Amino acid sequence: SRLFNFCAGPAALPEVVLKRAQEEMLDWQGRGLSVMEMSHRSDEFVSIAEQAEADLRELLKIPANYKVLFMQGGASSQFAMVPLNLGGKGGSANYIYTGIWGKKAIAEGKRYLSSHLAASAEDNGLTAVPRQEAIQLSADATYLHYTSNETIGGLEFDYIPETSVPLVCDMSSDILSAPIDISRFGVIYAGAQKNIGPAGLTLVIVREDLLDQAKPEMPTMFSYKTFAENGSMYNTPPTFAWYLSGLVFDWLKKDIGGLDKMAEINQRKAQKLYAAIDDNDFYANPIAPINRSIMNVPFTLADSTLDKVFLQEAEKAGFLNLAGHRSVGGMRASIYNAVPEAAVDALIDFMTEFAKTRG
Ligand code: PLP
């Protein structure tokens, strides 16, 4: 009865993870209660939390001098938490602008720190990521922020920017899609609801030497240091989301075989979907091939009056959430880790048939 879900977030979760959560829902490992009902200070929950962190560290090869924080408030809260946590000595937040989420980060950041646009994809209509040579830091740069994958535009960095200041990355929609060199970053953050787990949890990975640079008026609950010093349990954490994320990490390790394998599958899924779009005049995607997102594939129909029909027929055929973001329209297929390759194959068949009969 489960349909193919291409939602940008909250996104599809691996079926085996949901089944395991279902099996353990009423009685976690014979302890007679649900994870949802456990004290976050109990040995049981602490073991769940520690295992999740250990698995994440193994998957992403997170170096020992980085802290992993399980926070709340979504990636949107990080737009403010980053300048609050790193801006204690002033200076200016530098940004690379490649889309709507970056724009929101810039707008929010300006409230706490002066701001400088170090590079922008505006000139090319947000269809290609600025190259390294184009990045111009301000003399007083405190950090450089970018969005590795713009979820709405489907624009993904093909490289990690080189910079002399701490690099901050919003990795909400491509974290865990492929291996990444964590040591290149100062701060990485991500809302959980795409490749990590259910909404409600926000992951932050921060280099230890950056924990002492907060603004003095820093609210306790927004401080990375508070979370680092208290094992992310200064207050009651989102325990069930943390547990479920742990099951996703376990799935990535044991069922998929790690991030190299995951990346291989993701590349295959994305390549065939883009090929289906490129090979058919009825569909189009404007992004420079090197920056096409492997997670979010936006596309338009040659005849936009058919958009509604496309979505209706897709839904009837079992393909959910293919509408583009409300701000841009068109279509978007989000093909995160948990979207099976078979779902992409079935979508391609549907798109080919739709173009044949309606195009
Ligand atoms: N950044 C990116 C790249 C996103 O895709 C999203 C949400 O889709 C956000 C930030 C906002 O995340 P949240 O809803 O967790 O605040």
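Before moving on, here are some points about what is shown:
- Residue within the range 282-291 that is in contact with a Pro (Cβ under 6 Å, 6 or more places away or on another chain) and outside the structural domain of Asp158 (by TED's automatic domain parsing) present: no
- Single residue of the range 135-159 satisfying the filter (more than 16 Å from the ligand (Cβ to nearest atom) and assigned to a loop (DSSP other than H, G, I, E, B)) that is farthest from Ser114 (Cα to Cα): Asp158
- When residues of the range 208-237 are limited to those that are buried (at least 18 other Cβ atoms within 10 Å of the Cβ) and among the hydroxyl-bearing types (Ser, Thr, Tyr), the one farthest from Asn85 (Cα to Cα): Ser232
- Sole exception among (1) crowded, with 19+ Cβ neighbours inside 10 Å; (2) of a type in the set (Gly, Ala, Ser); (3) within 16 Å of the ligand (Cβ to nearest atom) for Gly87, by number: (3)
- Restricting attention to the range 176-199, the residues that are part of a loop (DSSP other than H, G, I, E, B) and near the ligand (Cβ under 10 Å from one of its atoms) add up to 4.
- Members of the range 268-294 that are touching a residue at least 12 places away in the same chain (Cβ under 8 Å) and polar (S, T, N, Q): Asn280, Asn285, Asn291, Ser293
- Taking the conditions (1) within 14 Å of the ligand (Cβ to nearest atom); (2) closer than 21 Å to Ala93 by Cα; (3) buried (at least 19 other Cβ atoms within 10 Å of the Cβ) in turn, Ala107 satisfies each one other than (3).
- Verdict on Ile96 being touching a strand residue (DSSP E or B) at 6+ places or on another chain (Cβ under 6 Å), assigned to a helix (DSSP H, G or I) and at pLDDT 95 or above: no
- Unique match (being in contact (Cβ under 8 Å) with a residue 40 or more places away in the chain, over 18 Å from the mean Cα position of the chain (by Cα) and crowded, with 21+ Cβ neighbours inside 10 Å) among Thr127, Thr98, Thr142: Thr142
The values are calculated or read from the model by the stated rules, or taken from the named source; none is laboratory data. Computed from a prediction, not measured in an experiment: that's the story for all the values here. All Cβ positions, glycine included, derive from the backbone under ideal geometry; neighbour counts span all protein chains shown.
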